[in-house]
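Enquirer: A single structure is presented below for examination.
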Amino acid sequence: MEPMKNQLWTDKPHNFLGLALNFTRYIITTEKFITRKGFLNIHEDEIMLYRVTDKKLSLPLSQRIFGCGTITLHAKDSDTPTKELRSIKGPRAVMELLDEAVQQARQINLVQGRDMVGALNQDPCEDDGENCQFE
């Protein structure tokens with residue numbers, strides 16, 4: 001397969017010996033995170049980077065021995081609210097790359113972090129002062 005347009009990073013999950021012997025590929029472009037699975041029948045799942053709300057890095061001993069780790073992405077996506085990049089090489093570098101790519105995608109799409117969360121932390125007194133309770 002030919003490289004995708006604006007591709008920043010790609011890798012496969014590595015097994016318990018640190019080898020990438022499977023038909024899953026993770027791809028990060030300037031706009032999307034893509035999971036491609038399959039050999040004959042290929043299925044792709046995409047998450048727009050500006051929709052990513054949180055990232056988590058897990059470094060279990062069994063993966064750390066081979067320089068691998070697992071990154072969990074949380075996104076405002078109806079199909080895939082949580083996505084795991086399992087057993088990838090150099091997980092800290094990938095986290096930094098994701099941070100930069102998410103920030104750039106948010107700037108391009110004019111989205112800020114608070115736009116993704118909604119009005120959960122909004123002060124009820126802020127609008128018109130009616131529903132305020134003072135002690």
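Enquirer: For the range 82-104, what are the residues that are small (Gly, Ala, Ser), surrounded by 16 or more Cβ atoms within 10 Å (Cβ to Cβ) and over 13 Å from the mean Cα position of the chain (by Cα)?
Expert: First, the residues of the range 82-104 that are small (Gly, Ala, Ser): 87, 90, 93, 101.
Those left that are additionally surrounded by 16 or more Cβ atoms within 10 Å (Cβ to Cβ): 87, 101.
Once the filter is applied, which keeps residues that are small (Gly, Ala, Ser), surrounded by 16 or more Cβ atoms within 10 Å (Cβ to Cβ) and over 13 Å from the mean Cα position of the chain (by Cα), the range 82-104 yields only Ser87.
Enquirer: Considering only residues that are over 8 Å from the mean Cα position of the chain (by Cα), buried (at least 16 other Cβ atoms within 10 Å of the Cβ) and of a type outside the set (Phe, Trp, Tyr), which ones fall in the range 49-70?
Expert: Arg51, Gln63, Cys68, Gly69, Thr70
Enquirer: Say whether the condition of being among the polar types (S, T, N, Q) and without any contact (Cβ under 8 Å) to a residue 24 or more places away in the chain is met by at least one residue in the range 86-99.
Expert: As a first pass, look at the range 86-99 and keep what is among the polar types (S, T, N, Q): 87.
Checking the rest, the ones that are also without any contact (Cβ under 8 Å) to a residue 24 or more places away in the chain come to none.
The answer is no; no qualifying residue exists.
Enquirer: Before we move on, is Ser78 more than 12 Å from the chain's Cα centre (by Cα) and at pLDDT 95 or above?
Expert: Numbers: more than 12 Å from the chain's Cα centre (by Cα): yes; at pLDDT 95 or above: no.
Here the answer is no, as Ser78 does not meet what is asked.
Enquirer: Please indicate, with yes or no, whether at least one residue in the range 37-44 is over 22 Å from Glu100 (Cβ atoms) and acidic (Asp, Glu). Spell out how you get there, then give the answer.
Expert: Step one: list which residues in the range 37-44 are over 22 Å from Glu100 (Cβ atoms), which gives 37-44.
Imposing the further condition that a residue be acidic (Asp, Glu) reduces the set to 44.
Scanning the range 37-44, I find at least one residue that is over 22 Å from Glu100 (Cβ atoms) and acidic (Asp, Glu), so the answer is yes.
The values are calculated or read from the model by the stated rules, or taken from the named source; none is laboratory data. Just so it is clear, the structure is predicted and the values come from calculations on it, not from any experiment. Glycine also receives a Cβ, built like all others from the backbone with ideal geometry; neighbour counts cover every protein chain displayed.
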